[in-house]
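Since the structure comes first, as C-alpha cells, the remarks are kept for the end.
The values are calculated or read from the model by the stated rules, or taken from the named source; none is laboratory data. Values in this document were obtained by computation on a predicted structure and should not be read as measured data. Virtual Cβ from ideal backbone geometry, glycine too; neighbours counted across all protein chains shown.
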Amino acid sequence: MHGRVSEILSRAGLRSLRGRLSPAARAASIGLLLAVLAGFGLTAFLFLRDGDSEGVDLREAAASDSEGIDLPEAAASDNEGVALREAAAFVAVAFVDPDHGWAIETLADDETHLSNAGSTILATEDGGHTWTQQFSTSISLDTLEFVSTQHGWAAGRSGSEGGLYHTTDGGKTWVELIRDADFRLVSLSFITPEVGWISTADGALQTTSDGGHVWARIASPCDEHWRALISLVAPDTGWVLCLNGTGAGFMGKILYRTNDGGRTWEELSNASGPPETVKGDLGTGGYVADMFFLDESTGWLIYDRFPIASILITQDGGETWERVLLPTGNDKDAFAMSNFHFIDRQHGWVVGALGNLPGQIYSTSDGGQTWAIWP
C-alpha cells in the first residue's frame, strides 16, 4: 500500500515534498489524496449505473461488445457448419439483404433433441462472418420474420407458455406483444412494418395493421384444427397451405391463394384424400415444414425429413412445383429441414440438421439448385 501511494504521489508531483513535510503533515496530505481518489471512484461507479437507467435493453451484458462474436474455428470445422455454442442448434433464419440477417439459436439436450431452456436471437451485419447476441428468452422460439433492417418479429412456445415479440430497432430491444398459455403460433408472415398475418394451432387466421399489437380474426380456408402455413407478398395477396393427418410418412395438404385479403380463396392443389383424388403436384407423402413466397410467381416449400426431404419451387404462383436439390446434394443423407428464407430469386438460406449434427445454416445463390454450408 505504501509503495502504491508513493507511485501516486510521484505521478502527481508531490513525492518531492516528502522530505520537507513533518510526519503529521505528510499523514494529512496522504489522507486528503486517498479521500479524493475514493470520491472519484464512487462518482465513476454512480455514473456507470446512471447510464444503465436510461432505457431497457434486453441484450445480455456479454453482448455489449459492439465488435460481435466471432465464429469459433473449431466449431465450424467440427460440424462443417455455423455454430456458436456446444450443443446449440439453429432453428430459424431471416435475412433482408446479403449482409443483414438474424437467426434463432436453441440449446439442445443432446446432439439431436432441442430443449425447453429457451432461445437466443443473434444478428449479423457482415453476411454471417460475425454475430452479436441480441435477446434471450425462456420461450423456445421457432419463428422469425424481418421486413427491414429495423422491424422484426419472433414467436415460439415452452411448456404452457407461448409468446410473440417485436423489435423496431433491428433487434437491440424487443417488446413482448403476446405471452399467453393459449397462444400456439404455427406460422407468421409480415409484408410491411404494420401489416401481417399469423396462424394458430386451432386453425385460425388473424391479421394486424399496427405491427402486431391488435389482431383481428379472418376467415380461414382450412378446416378447424388443421395447421396452416401462410406467406404474404402484398397486403391482399398471399397463400395458405392447410396441413393435417400426419402419420406413417403421410400428410394431407391443400394449397389456397387469395388476392383480396382472405375474403375469397382459390384452391390450387389438394392432396387430402385418396391418391386418385389428388389435384396438383403436392402429393400426400411427406411432411411440409415451411413455405415462403417471394412474389406473385415465385415460391418454395420444404419437406422436412428423409426419405422424402425435399425443396420444391414454383414459378407460376403455386400452380405447379418442381423439386430441387437438397442442401446436402445427396438424397440418401438423413437430412431434416425446419425453416428457410429468400431475399430474391437466387439468394436464400435454409436451416437443416444432417445426421446427428444440430441445426445448421445452408445458403444458395442459384434459387436452390445448389447449396453450400454457410457462411
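Remarks
- Filtering segment 150-163 to residues that are modelled with pLDDT under 95, more than 12 Å from the chain's Cα centre (by Cα) and not charged (D, E, K, R) leaves S158, G159, S160, G162, G163.
- Within segment 187-235, the residues that satisfy the criterion of being in a loop (DSSP other than H, G, I, E, B) and among the aliphatic types (A, V, I, L, M) are I191, V195, A201, A204, V214, A219.
- If you go through segment 93-113 and pick out every residue that is surrounded by fewer than 21 Cβ atoms within 10 Å (Cβ to Cβ), at pLDDT below 90 and touching a strand residue (DSSP E or B) at 6+ places or on another chain (Cβ under 7 Å), you end up with 3.
- Apart from one condition, W226 fits all of (1) under 26 Å from the mean Cα position of the chain (by Cα); (2) farther than 26 Å from D182 by Cα; (3) without any contact (Cβ under 8 Å) to a residue 40 or more places away in the chain; (4) surrounded by 15 or more Cβ atoms within 10 Å (Cβ to Cβ); the exception is (2).
- Residue tally, condition of a type in the set (D, E, K, R) and assigned to a strand (DSSP E or B), over segment 177-186: 2
- Evaluation of E266 against (1) within 27 Å of W153 (Cα to Cα); (2) in contact with a Ser or Thr (Cβ under 9 Å, 6 or more places away or on another chain); (3) modelled with pLDDT of 95 or more (one fails), failing number: (1)
- W153 buried (at least 22 other Cβ atoms within 10 Å of the Cβ), in contact (Cβ under 8 Å) with a residue 60 or more places away in the chain, under 21 Å from V214 (Cβ atoms) and of a type in the set (F, W, Y): no
- Residue in segment 236-251 that is surrounded by the fewest Cβ atoms within 10 Å (Cβ to Cβ), counting only those that are assigned to a strand (DSSP E or B), at pLDDT below 95 and small (G, A, S): G247
- Of the residues making up segment 157-176, at least one is surrounded by fewer than 17 Cβ atoms within 10 Å (Cβ to Cβ), among the small types (G, A, S) and not in a strand (DSSP E or B).
- Criterion (surrounded by 21 or more Cβ atoms within 10 Å (Cβ to Cβ) and outside any loop (DSSP other than H, G, I, E, B)) met by exactly one of L268, L282: L268
- Residue in segment 315-337 that is part of a strand (DSSP E or B), closer than 24 Å to V147 by Cα and at pLDDT 85 or above present: yes
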